[in-house]
Every structure is written in structure tokens, then in C-alpha cells.
Amino acid sequence: SRLEHYSLTLLEAAAHGVPCLGLGPDGRDVLNACDEQILDGSTGFLFHDEHELARRIDELLGDEMMRRAMARRAWERKRDEFRLSHFWRAMDHEIRGL
């Protein structure tokens, strides 16, 4: 999505061990958090146009070892970094100005 802060779809995909592809934000036309949710080249890929998206899809479909490694890292990152307790701790930190 061009204008979506945090994508639940990306989190759900990572929770199921699926490497993700996301439109990379440019600060002008694309204002999303894909670059915060996807570690480019590690848990999936960010892309900036249709040609790059197609190339990345081909890359994932053509390299099972890479796809499995990205899937594992996506699942591990979701498990370790996107927990509700982390969210509440960050919110408390912001509210208290710590």
C-alpha cells in the first residue's frame, strides 16, 4: 500500500514464515512503514516499481534456499521484535517522555 502505516498483512505473513515484498517508502508518494517491517534482503524485499517487483518475485521463486532462509528470518523477527509487550513498553516510554 502507498499510504498504510503498519501492515497487519506483513505481520501475519511473517508470523507464518513467509518472506514479504513491500513497496518501499519514498517520503513523497509512498508513505508506509514497509521499510520498518521488512529488512530488505533479509526477511524479504522492498521494491520501487513493477519491474523490480517482478524481478524479486522471480528471484524468490527461483531460489528455494534463499526463500527458506528469508522465511525463517521473517518468522524469527516477528517472534522476537513484534510482541505486544514491546509495543506497550514503547508506548509507555513515549508517554512518559523517557
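State which residue is nearest to ASP80 (Cα to Cα) when the search covers only segment 10-35 and only residues that are open to solvent by 30 Å² or more (accessible area, probe 1.4 Å) and either without any contact (Cβ under 8 Å) to a residue 24 or more places away in the chain or touching a Leu at 6+ places or on another chain (Cβ under 6 Å) (or both). The selected residue is GLU12. Taking residues in segment 39-57 that are free of Cβ contacts under 8 Å to residues at least 60 places away in the same chain and of a type in the set (Val, Ile, Thr), and partners anywhere that are in a strand (DSSP E or B) and open to solvent by less than 40 Å² (accessible area, probe 1.4 Å), the pairs with Cβ atoms closer than 8 Å and at least 6 places apart or on different chains are THR43/CYS20. Considering only segment 72-98, how many residues are surrounded by 11 or more Cβ atoms within 10 Å (Cβ to Cβ) and among the hydrophobic types (A, V, I, L, M, F, W, C)? The qualifying residues number 3. Within segment 36-71, the set of residues being of a type outside the set (Gly, Ala, Ser), surrounded by 14 or more Cβ atoms within 10 Å (Cβ to Cβ) and assigned to a helix (DSSP H, G or I) comprises GLN37, GLU52, LEU53, ARG56, LEU60, ARG67, MET70. Can you find even one residue in segment 2-9 that is touching a residue at least 24 places away in the same chain (Cβ under 8 Å), surrounded by 10 or more Cβ atoms within 10 Å (Cβ to Cβ) and among the basic types (Lys, Arg)? Yes: one or more hits. For segment 1-12, a residue qualifies if it is over 9 Å from the mean Cα position of the chain (by Cα) and part of a helix (DSSP H, G or I), and the qualifying residues are LEU8, THR9, GLU12.
The values are calculated or read from the model by the stated rules, or taken from the named source; none is laboratory data. Computed from a predicted structure; not experimentally measured. A quick note on method: Cβ atoms are made from the backbone with ideal geometry, for glycine too, and the neighbour counts reach across all protein chains shown. Accessible surface areas use protein heavy atoms only, side chains included; no ligands, DNA or RNA. Shrake-Rupley method; radii C 1.70, N 1.55, O 1.52, S 1.80 Å.
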